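I have placed the structure first, in the form of structure tokens, so that the comments after it can refer back to it.
Every number in this text was worked out from the coordinates using simple rules, so none of it is lab data. Model, not experiment: these values are computed from the prediction. Positions of Cβ are backbone-derived with ideal geometry, glycine not excepted, and every protein chain shown enters the neighbour counts.
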Amino acid sequence: MPTCHHCGSEYEASELTRHVVEDWLIVHCPDCHAPMGRYQSSQPAVDTLRQSE
């Protein structure tokens, strides 16, 4: 379960806020909006939720 390093909240991966900027997938905490990760690629292998959309 991902934990935000800024506010300490824990979330399921499906609850995280996601934004695509150019070839980057940016993942944010839904509460404090702190960045929790970024992945370069049009469809990163680590982001299985995007593959199911």
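For this structure, a couple of remarks:
- Region 1-44 - percent relative contact order, Cα under 8 Å, separation 6 or more: 29
- Three-way shape label, region 1-44, alpha-carbon gyration tensor, a/c 1.5: prolate
- Each other residue within a Cβ distance under 15 Å of Cys7 adds +1 if Lys or Arg and -1 if Asp or Glu, for a net charge of -3.
- Between His6 and Val27, the contour length at 0.36 nm per residue exceeds the alpha carbon distance by 6.2 nm.
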